[in-house]
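First up is the structure itself, then whatever we jot down about it.
The values are calculated or read from the model by the stated rules, or taken from the named source; none is laboratory data. For clarity, every value in this text was computed on a predicted model and none was experimentally measured. Note: ideal-geometry Cβ built from the backbone for every residue, glycine included; neighbour counts use all protein chains shown.
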Amino acid sequence: MYRKNKKIFISIASYRDPQLQSSILDCITKSKFPRNLSFGICWQKDQYENIDKIKNLPNIKIYDVDWRESKGACWSRSIIQKELYSNEDLYLQLDSHHRFIDNWDEKLINLLEESFTTNSKSIIGSYANSYRREHPISYTNKPCKINTFDSFTEEGDLVSKPVIFNSDELYKNANLIFARFLSGHFMFCDAQFIFDCPYDPNLYFRGEELALSARAYSHGYDFFHPKESIIFHEYSRPLDHKHWNDHKKHNGIVTESSKLDSKSKSRQRQLFYMDDRVINFKQYDFGKARSLHDFEKYAGIDFKNQRVHKFCYNIRNDSPEPYVMSDDEWRNGLMTKYEKTIEWDLSKIPDYNDYDFWFFGFETNKGKLLYRKDWKNNTSIFNKSVNKKTIKFCCESSPDYAVIIPHSKSKGWCKRIVIEC
């Protein structure tokens, strides 16, 4: 039953974001019990920003800082937890560009209570479905996005690969499904999480969600995606300020974003034992309830050798719901790293001038898709003069063929170009 007396602390890290006010007003307006909401905002502002519509509301706490002094997303989320949290019962972490369905607070609390039948330490969240501020918003309960992973980069990061799951067909009788990973922009749980797994302010941006997921899992938390869309997120925001673009020497910044990012990635590699540890992570280390290897077997990752399990990759949307695999099942499903140079016949690419999309994949001789990469409007990858590319990738078995399929705005999909590996 919905417990209307539960107070929700809403953490919002906002960096020079024109959507901050409208996001908070929509959050309040769409809630069933707005008096139970308490906002903690790390407002990384410039001199032109104005939030007069919200800054004097009784349930708003603001930690304001000049944007030049900001140290990134994880730093700002840590500030909110340390400085603005005031013993509320529940914790909702968001970005500053969101929209909400009606009675979102009631729905989330009911889902959290449902998840407690599986584990009293649960987190609800996902990559939220998107909205675009420039168009009228029509909210629909489309399937949520699940964050899976493609491969490791040379620096030890995992490249995220959100996909859509078919909730109607696969989860007809479920309101929640198990998730492998947490999203930084939408997570809801008991506020005890703030003390169990405090945000590490020394991380920058890339790696935030992976570190958060592994640490939370090691503290005994399970993760769940809601089957319906409850919160919506604006993703691209091409005209808005981004921390990594602003924090450069030409803006008078002493510690540039690239240096923050480099230090953060080094810290992350040490956290996951990819590099030898020289850091005492203290309260930002893993918990004692589960081991890092337990998370590896659940999520489908081999940190030390930087490999991903085929279930985590999920290229064909045929992976099972996550579960703790046996050591043999985990080991035998880890994908292999490959590097192949592919050449194709330029005469097989029609002479169109409006290509907007290129499908590239590796397949077996039985047509099983092993790897996929899409390029949009990228003439440096495929054009009329380039017919050769070296690709580093991971997949579950050695491919037999590479496949290229160009797409033209006026002509549609072209014929498959098949190259033997």
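Before moving on, here are some points about what is shown:
- 3 or more residues farther than 29 Å from residue 264 by Cβ and of a type in the set (D, E, K, R): qualifying strands (runs of 3 or more DSSP E) within segment 1-92: none
- Filtered residue count, segment 332-355, keeping only those that are out of contact with any Pro (no Cβ under 9 Å at 6 or more places or on another chain) and touching a residue at least 12 places away in the same chain (Cβ under 8 Å): 15
- Residue match in segment 399-409 (condition: among the small types (Gly, Ala, Ser) and at pLDDT 85 or above): yes
- Residue-level analysis places residue 236 among those that are of a type in the set (S, T, N, Q), under 30 Å from residue 23 (Cα atoms) and not in a helix (DSSP H, G or I).
- Filtering 146, 164, 124, 137 for residues that are at pLDDT 90 or above and assigned by TED's automatic domain parsing to the domain that holds residue 184 leaves a single hit, 124.
- Residue among 120, 78, 115 that alone is farther than 30 Å from residue 392 by Cβ and loosely packed, with under 15 Cβ neighbours inside 10 Å: 120
- Elements of type helices (runs of 4 or more DSSP H) in segment 252-354, at least 1 residues being surrounded by fewer than 18 Cβ atoms within 10 Å (Cβ to Cβ): 257-271, 292-299, 327-332
- For first residues located in segment 254-270 and free of Cβ contacts under 8 Å to residues at least 40 places away in the same chain, partners that are charged (D, E, K, R) and lie 6+ apart or on another chain with Cβ distances below 7 Å form the pairs 256/248; 256/249; 270/277.
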